[in-house]
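Remarks on the structure that follows.
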Amino acid sequence: MQIRILSKDDVRQAIDMPTAIEAMREAFAALSGGRATVPIRGSLERRSGLTLLMPAHLHENNAVGLKVVSVSPGNAARDLPVIQGVVLVLDGGTGEVRAMMDGTWLTALRTGAAGGLAADLLARSDASTVALFGAGVQARTQLEAVRCVRPVTEVRVLSRRAESADALVAEIEGVEARRAHDAADALSGADLVIAATDSRTPVFDGALVEPGAHVTAVGSYTPEMREVDTALVARARVLVDQREAALAEAGDLIGPIRDGVVEASVIAAELGDVVLGRAPGRTSDDEVTLFKSVGNAAQDVAVAVRVLAQAEARGLGRVVEV
């Protein structure tokens with residue numbers, strides 16, 4: 001059996017953010033349209049973090065894949081990515097493994113692309129000021145994606161470590177960028193809000209979010225983590241990547257539901273329902289929208305098959321006999 005091995009650089013060469021956003025459009029449509037099989041991901045707790053097993057099958061093109069990803073918060077202190085993993089692409093007919101590729105960059109890319117798609121479907125067309133909570137890899141790809149779909153002119157960055165925020169600000173080109181003094185400063189006048197942290201408690205007061213703003217929250221991925229607070233969930237029109245997974249894993253939603261402040265029906269729709277035209281995106285200019293994502297293997301497979309196709313066409317990576 002021959003397997004194509006693709007490094008992080010190979011994956012970067014094979015796909016860009018606009019292409020990844022379109023892959024997310026297809027993935028979410030398949031997910032909500034019943035054209036994907038995606039079991040709830042398996043999880044394995046480790047002393048230093050969590051390892052997740054995420055398989056998916058996209059029916060339309062018979063694409064099959066599996067991601068093994070580890071989340072290790074302590075890696076930040078070691079100058080290592082907090083999220084690391086690999087993605088396997090299988091032949092849908094024979095089950096043979098066709099490729100193994102770096103999953104760290106692919107995860108950051110596809111999660112950023114999902115946020116970009118959400119902003120494209122939910123944010124006001126003139127949204128231009130970003131409040132960015134977090135300054136890691138995921139904050140960077142979220143910002144890149146939203147700049148692909150909206151005319152961003154200003155970015156305010158807030159991070160627990162001022163030096164991390166300053167480093168990100170220094171990288172941002174073509175728009176005004178600065179480190180925010182605090183959450184209120186970041187949110188004042190912001191119509192695009194991105195939460196991409198590993199915080200276990202809310203990072204801003206939802207009452208401070210401007211009317212008409214769109215919020216994407218991607219950092220929390222367990223029932224115990226909450227990046228956004230009950231106030232935001234209660235006032236926003238909430239959309240998720242997959243309803244079942246969000247109700248099982250998204251502490252941002254589980255907490256307010258458990259506390260009796262909202263019911264599970266607070267989830268207005270899946271993002272794929274909007275793609276398919278079965279649910280509206282934004283319903284008014286002053287509506288606050290919230291896209292809560294916990295990640296889904298359909299996203300990984302949709303991107304991975306595109307990466308593999310380009311890699312095969314361009315001879316990227318190396319083929320090994322197993």
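The numbers here are math on the coordinates, done by the rules we state, and not lab data. Since the model is a prediction, treat every value here as computed from it, not as a measurement. Here the Cβ is made from the backbone with ideal geometry for all residues, glycine too, and neighbour counts use every protein chain on show.
Between ARG237 and VAL288, THR289, LEU290, the built amide H atoms are under 5 Å apart, and every one of these is 5 or more places off in sequence or on another chain.
With θ taken as phi - 60° and the Karplus curve 6.51 cos²θ - 1.76 cosθ + 1.60 applied, the whole-hertz 3J(HN,Hα) list for the stretch 200-217 is 9, 10, x, 9, 7, 7, x, 5, 8, 5, 5, x, x, 7, 10, 10, 10, 10 Hz, x standing for glycine and proline. Each Lys and Arg adds +1 at its Cβ and each Asp and Glu adds -1 at its Cβ; summed about the Cα centre, the stretch 124-295 shows a dipole of about 140 debye. Each residue of the stretch 92-102 is assigned a 3J(HN,Hα), and the resulting list reads x, x, 9, x, 5, 6, 8, 7, 10, 10, 4 Hz, derived from the Karplus form 6.51 cos²θ - 1.76 cosθ + 1.60 (θ = phi - 60°), x at Gly and Pro. Take every DSSP beta bridge whose two residues both sit in the stretch 62-214; close to 50 percent of them are antiparallel.
Looking at the chain, the DSSP beta bridges with both ends there are about 50 percent antiparallel. Straightening the chain between SER188 and LYS8 buys 61.1 nm, computed as 0.36 nm per residue apart minus the Cα-Cα spacing.
Please state the charge dipole magnitude for the chain, taken about the Cα centre, from unit charges on C-beta atoms (+1 on K and R, -1 on D and E), reported in debye and rounded to the nearest 20.
Details: 33 positive and 43 negative charges, 127 e Å.
Using only the charged Cβ atoms, the result is roughly 600 debye.
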